[in-house]
Amino acid sequence: MANILLLYISTTGNTEMMAEAIAGYLEYKEHDVEIRTFDFDPIDVDELSDYDAVFIGTHSSDDGEVPFEAEDFYDELDDADLGTTTFAVFGSGDTAYDEFCLSVDLMGDKLKFLGAKLAPVRFKVDLTPSNEDIEQLEQFAEAAIQIAANENKDS
């Protein structure tokens, strides 16, 4: 059983639907899941290493930048001890914009640059997640948890 943080920001509800699907799957698999939102339950980056896995969800709007509510977290990652925590990034966007889900890539790129252990896929959805997207989100969550479990076994 893993100790998991699910941290996200959602404006239209699409990324929230994704976060709920991930949380539901992980809870079904009997993992401890703490859900926080960037706008109401921000987390101190020093707490990230307390978790086996951290799922970070963000939406992208027209310019694709990291949403305002997540900017401080994004900047503070530079000073974080990421330890052996596994990170997985996901989010929603709109392919009508020039940069599709750029905020997901920015978050993933920053974590990679800082040497974080990352799930190999950055899960992106165009607008509202479909039933197929939800099934794939469950696979995405399972893959991240397997990476975390293998790290804990090796430690």
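Residues in segment 145-155 that are surrounded by 14 or more Cβ atoms within 10 Å (Cβ to Cβ) and either among the acidic types (Asp, Glu) or in contact with a Ser or Thr (Cβ under 6 Å, 6 or more places away or on another chain) (or both): 3 in all. Restricting Glu27, Glu16, Glu47 to those that are touching a Ser or Thr at 6+ places or on another chain (Cβ under 7 Å) and among the charged types (D, E, K, R) reduces the list to Glu16. Screening segment 87-132 for residues that are among the small types (Gly, Ala, Ser), over 18 Å from Thr11 (Cα atoms) and within 15 Å of the chain's Cα centre (by Cα) and picking the one that is surrounded by the most Cβ atoms within 10 Å (Cβ to Cβ) gives Ala88. When residues in segment 1-15 are screened for being within 11 Å of the chain's Cα centre (by Cα) and not aliphatic (A, V, I, L, M), 2 of them pass. Between Phe73, Phe68, the distinction of being more than 15 Å from Met17 (Cα to Cα), surrounded by fewer than 17 Cβ atoms within 10 Å (Cβ to Cβ) and either hydrophobic (A, V, I, L, M, F, W, C) or within 12 Å of the chain's Cα centre (by Cα) (or both) belongs to Phe68 only. The set of residues in segment 1-44 being assigned to a loop (DSSP other than H, G, I, E, B) and among the β-branched types (Val, Ile, Thr) consists of Ile9, Thr11, Thr12, Ile43. Scanning segment 10-24 for residues that are of a type in the set (A, V, I, L, M) and within 9 Å of Gly91 (Cα to Cα) yields Met18, Ala19. Which is at pLDDT below 95 and among the β-branched types (Val, Ile, Thr), of Thr128, Thr84? Exactly one residue qualifies, and that residue is Thr84.
Within segment 22-63, the residues that satisfy the criterion of being closer than 14 Å to Lys124 by Cα and out of contact with any Cys (no Cβ under 7 Å at 6 or more places or on another chain) are Ile22, Phe55, Ile56, Gly57, Thr58, His59, Ser61. Scanning segment 11-20 finds one or more residues that are closer than 20 Å to Leu77 by Cβ, touching a strand residue (DSSP E or B) at 6+ places or on another chain (Cβ under 6 Å) and surrounded by 15 or more Cβ atoms within 10 Å (Cβ to Cβ).
The values are calculated or read from the model by the stated rules, or taken from the named source; none is laboratory data. Please read all numbers here as calculations on a predicted model, not as lab measurements. Cβ coordinates were reconstructed from backbone atoms using ideal geometry, including for glycine residues, and neighbour counts include every protein chain displayed.
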